[in-house]
Amino acid sequence: MKYLLLLLIVYTFCGCYTGTQKVAHTNEIREILIDPDKFETFLDLSEILDDSVEVIPLEMKEECLISQIVRIEFYKDKILVSDKANAKIFVFTSEGKYLKSIGKQGQGPGEYSFLGDFTLKGDSVVVQDRSRNKYIVYDLYSNAFREISYDMLHLEVVSFDEIAYFISNYSHSKYGDYNLFRFNLNTSEVLSLEVPFGEDGIDKSSYGLKRYASKSDSTAMLIYPLNDTVYTLNKETVFPSYVIHYTSRNLPSEVNVSKENIYRYVHENKYLKGWEFMQNSQNYMLGYYIDNGFKYFVYNKRNSNIRVGQWLKIGSLSELIFSDFYTTTDNQLYFIQYAVVLSSNWKLTRAKSTNEHFKNKMDAIVASLNEDANPVLFKCHFKNK
């Protein structure tokens, strides 16, 4: 069956389309095989990360009280943080000192009414106004801005200079039933239509992911809800790269529940569902999937090895448990610890830390935190070997 599935995927994406549709890439599709019965209690990332970790408390001021981080990007000497609850994108120095916010919510020129996703284009921050179907391109070093209109519903954006991919989720558009739109940010032109879906895909439209795509250097990886395929994006094209298989799976083929309630249904019945969250780096994919709670994974692209665990930690530093993390376009890994959680967890795990330098650093940081403090970032560097 797995070989029939691979052939079906290749056939679907290698057929010729007309108009702006493209012939898909024919690179080999690799299989990721997961045995749900084989997992570690703690998935220790020490073997893929350098021991030098930067601990960055984000400065707290009245104008930058962070509530819920949904995206982090590191650009030159700046950290950009998208905060969903406050509908703002905050800019910090690489040491965590607050600088400013990008744009503001409103109805005037250069303002967004509903903050969606954001991406970087040179020295500009491209911010989605999802309710008014436009992007606002803000210059990072001045007050200049311009606006770009679009006419297809989508949730996220990934950009490669002037080329952007608008990522939908089984939503109809005037262009047809496609999940991905290749777009020129300079000319506002739709260049190609990608990842087509049939009527059966509409049932997935209310099911979302924490993030759909993750970019590293000149490529990005993309997943969709209830789809066991990982796609590769670059400036020129998109193509399926990995198909995920489980040695056993208890999720019924026919789920007799409304699409709005499927997330709760899967958790309550302890079903094994596909990848919920995936982040991409040069040599690894990291994320988690649902299987009687969450299972974290790290997949090595070089040797096709995958490790799975119930909890995530960096054992060479301490026994701190992490759950929120993002990779950035410059191939770094950020863990997020909210202040109250970090203070509590450090008290429980401090005695188990054998890294004195890290322990002293954490003692100083935790002593400076209060319950209203902004989150603390742990910036990690992947090993080169």
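The values are calculated or read from the model by the stated rules, or taken from the named source; none is laboratory data. Just so it is clear, the structure is predicted and the values come from calculations on it, not from any experiment. Cβ: placed from backbone, ideal geometry, glycine included. Neighbour counts: every protein chain shown. Ligands, DNA and RNA are stripped out before the accessible areas are found, and what is left, the full protein with its side chains, is counted by its heavy atoms. Shrake-Rupley method; radii C 1.70, N 1.55, O 1.52, S 1.80 Å.
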Have a look at Tyr138, Tyr112 and point out the one that is under 17 Å from Leu185 (Cβ atoms) and modelled with pLDDT of 95 or more.
Tyr138
Take Asp83 and tell me if it is open to solvent by 30 Å² or more (accessible area, probe 1.4 Å) and either over 17 Å from Thr329 (Cβ atoms) or at pLDDT below 95 (or both).
no
Go over the candidates Lys215, Lys210 one by one and state the one that is on the phi < 0 side of the Ramachandran plot and outside any strand (DSSP E or B).
Lys210
Select from the stretch 159-205 the residues that are farther than 16 Å from Leu233 by Cβ and among the polar types (S, T, N, Q) and write down the one among them that is farthest from the chain's Cα centre (by Cα).
Thr187
Among the residues of the stretch 195-208, the number that are at pLDDT 90 or above and closer than 20 Å to Met285 by Cβ is 1
Of all residues in the stretch 322-340, how many are without any contact (Cβ under 8 Å) to a residue 60 or more places away in the chain, open to solvent by 20 Å² or more (accessible area, probe 1.4 Å) and touching a strand residue (DSSP E or B) at 6+ places or on another chain (Cβ under 9 Å)?
2
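For the stretch 354-380, which positions are small (Gly, Ala, Ser) and surrounded by 19 or more Cβ atoms within 10 Å (Cβ to Cβ)? Give the steps one after another, and end with the answer.
Of the residues in the stretch 354-380, the ones small (Gly, Ala, Ser) are 364, 367-368, 373.
Passing the criteria: only Ala373.
A quick yes/no check of all residues on (1) on the phi < 0 side of the Ramachandran plot; (2) within 21 Å of the chain's Cα centre (by Cα); (3) among the polar types (S, T, N, Q):
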| residue | (1), (2), (3) |
| --- | --- |
| Arg249 | yes, no, no |
| Val257 | yes, no, no |
| Arg264 | yes, no, no |
| Lys270 | no, no, no |
| Met278 | yes, yes, no |
| Ser281 | yes, yes, yes |
| Leu286 | yes, yes, no |
| Asn292 | no, no, yes |
| Tyr296 | yes, yes, no |
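Which of the strands (runs of 3 or more DSSP E) contained wholly in the stretch 1-62 include at least 3 residues that are out of contact with any Asp or Glu (no Cβ under 8 Å at 6 or more places or on another chain), within 26 Å of Thr232 (Cα to Cα) and modelled with pLDDT of 95 or more? Before the answer, list the steps.
Numbers: elements: 30-34, 40-44, 54-57.
Because the criterion is at least 3 residues that are out of contact with any Asp or Glu (no Cβ under 8 Å at 6 or more places or on another chain), within 26 Å of Thr232 (Cα to Cα) and modelled with pLDDT of 95 or more, the strands (runs of 3 or more DSSP E) in the stretch 1-62 that meet it are 30-34.
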Got at least one residue in the stretch 124-146 being under 24 Å from Ser67 (Cα atoms) and of a type in the set (Lys, Arg)?
yes
Do we find that Glu156 is without any contact (Cβ under 8 Å) to a residue 40 or more places away in the chain and either over 22 Å from the mean Cα position of the chain (by Cα) or surrounded by 14 or more Cβ atoms within 10 Å (Cβ to Cβ) (or both) in this structure?
no
Can you tell me which of (1) charged (D, E, K, R); (2) surrounded by fewer than 18 Cβ atoms within 10 Å (Cβ to Cβ); (3) farther than 20 Å from Tyr212 by Cα is the one Lys88 doesn't meet?
(2)
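Every residue, every condition in (1) hydroxyl-bearing (Ser, Thr, Tyr); (2) in contact with a Gly (Cβ under 8 Å, 6 or more places away or on another chain), yes or no:
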| site | (1), (2) |
| --- | --- |
| Gly208 | no, no |
| Ser214 | yes, no |
| Ser218 | yes, no |
| Val238 | no, no |
| Ile244 | no, yes |
| Ser258 | yes, no |
| Tyr284 | yes, no |
Members of the stretch 161-180 that are more than 21 Å from Gly201 (Cβ to Cβ) and surrounded by 18 or more Cβ atoms within 10 Å (Cβ to Cβ):
Ile163, Ala164
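Residues being of a type in the set (A, V, I, L, M, F, W, C) and under 18 Å from the mean Cα position of the chain (by Cα): count how many of those fall in the stretch 231-243. Before you say what the answer is, go through the steps one by one.
Taking the stretch 231-243 and keeping what is of a type in the set (A, V, I, L, M, F, W, C), we get 233, 238-239, 243.
Now restrict to residues that are under 18 Å from the mean Cα position of the chain (by Cα): 233, 238.
The qualifying residues number 2.
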